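K.L.:
First the structure, then my questions, so here it is.
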Amino acid sequence: MAEAEVPGHANLVGFRLPDGTLSTDAAAPATAVGYRARCSCGWVGTSDYPAAEEGRWMATSEWGGHIRPVLAATPPGWLLGRSDTLRDNVAELATTWPLQALGILAEVERWQRPLIERAVVAAREAGLSWAEIGNALGISRQSAHERFRNLTPPKPSA
């Protein structure tokens, strides 16, 4: 997985050296006694794996377990790019046509709130915690719970 897909997270398989230190050289030195999963965010795996190709795969697999929830909460880059473009265009429009910019922002707000609520309901139905929801929204667990606790899932159509 490339760091560009999840900023701040790149697989950095480390090599355990005989003196116990962990190296992140590009290639395993001949003296390496094992592999250890690492991430550019500072996370370090829990286990050393054999100093063989299968150990490298095992460390990479452990890193995959670390990145999976991060990846699940990371919006797709193509959609973030469109969001950035919309934001920049509206900001530019506000300098020359402020009433048009306000009209667009009001429209975004009309569909944005119900979409957030729908996504929160779906997240809760999927078993996600208030901490996970708050993290995705950039707010605390408590703030997410207080804001959305009264949302009810849509009733199934009969």
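K.L.:
Do we find a residue being free of Cβ contacts under 8 Å to residues at least 24 places away in the same chain, in contact with a Lys or Arg (Cβ under 7 Å, 6 or more places away or on another chain) and hydrophobic (A, V, I, L, M, F, W, C) anywhere in segment 32-42?
P.N.:
Yes, there is a match, as at least one residue in segment 32-42 is free of Cβ contacts under 8 Å to residues at least 24 places away in the same chain, in contact with a Lys or Arg (Cβ under 7 Å, 6 or more places away or on another chain) and hydrophobic (A, V, I, L, M, F, W, C).
K.L.:
I would also like to ask the following. In segment 88-102, what residues are surrounded by 12 or more Cβ atoms within 10 Å (Cβ to Cβ) and either outside any loop (DSSP other than H, G, I, E, B) or touching a residue at least 24 places away in the same chain (Cβ under 8 Å) (or both)?
P.N.:
Scanning segment 88-102 gives Asn89, Val90, Leu93, Ala94, Gln100, Ala101, Leu102.
K.L.:
Within segment 10-27, is even one residue surrounded by 11 or more Cβ atoms within 10 Å (Cβ to Cβ) and touching a residue at least 60 places away in the same chain (Cβ under 8 Å)?
P.N.:
No, segment 10-27 has no match at all.
K.L.:
Among Ile133, Ile104, Ile116, which is of a type in the set (Val, Ile, Thr), more than 18 Å from Pro75 (Cβ to Cβ) and either touching a helix residue (DSSP H, G or I) at 6+ places or on another chain (Cβ under 8 Å) or modelled with pLDDT of 95 or more (or both)?
P.N.:
Ile104
K.L.:
If only one of Ser47, Ser23 is modelled with pLDDT under 85 and of a type outside the set (D, E, K, R), which one is it?
P.N.:
Residue meeting the stated conditions: Ser23.
K.L.:
Applying the selection to segment 48-87, what residues are among the polar types (S, T, N, Q), in the same structural domain as Leu22 (by TED's automatic domain parsing) and loosely packed, with under 12 Cβ neighbours inside 10 Å?
P.N.:
none
K.L.:
Same structure again: Ala28 - would you say it is part of a loop (DSSP other than H, G, I, E, B), at pLDDT below 85 and under 23 Å from the mean Cα position of the chain (by Cα)?
P.N.:
So Ala28 fails the test.
The values are calculated or read from the model by the stated rules, or taken from the named source; none is laboratory data. The shown structure was predicted, so the numbers you read here are calculated from the model rather than taken from an experiment. Positions of Cβ are generated from backbone atoms using ideal geometry, with glycine treated the same way; all protein chains shown enter the neighbour counts.
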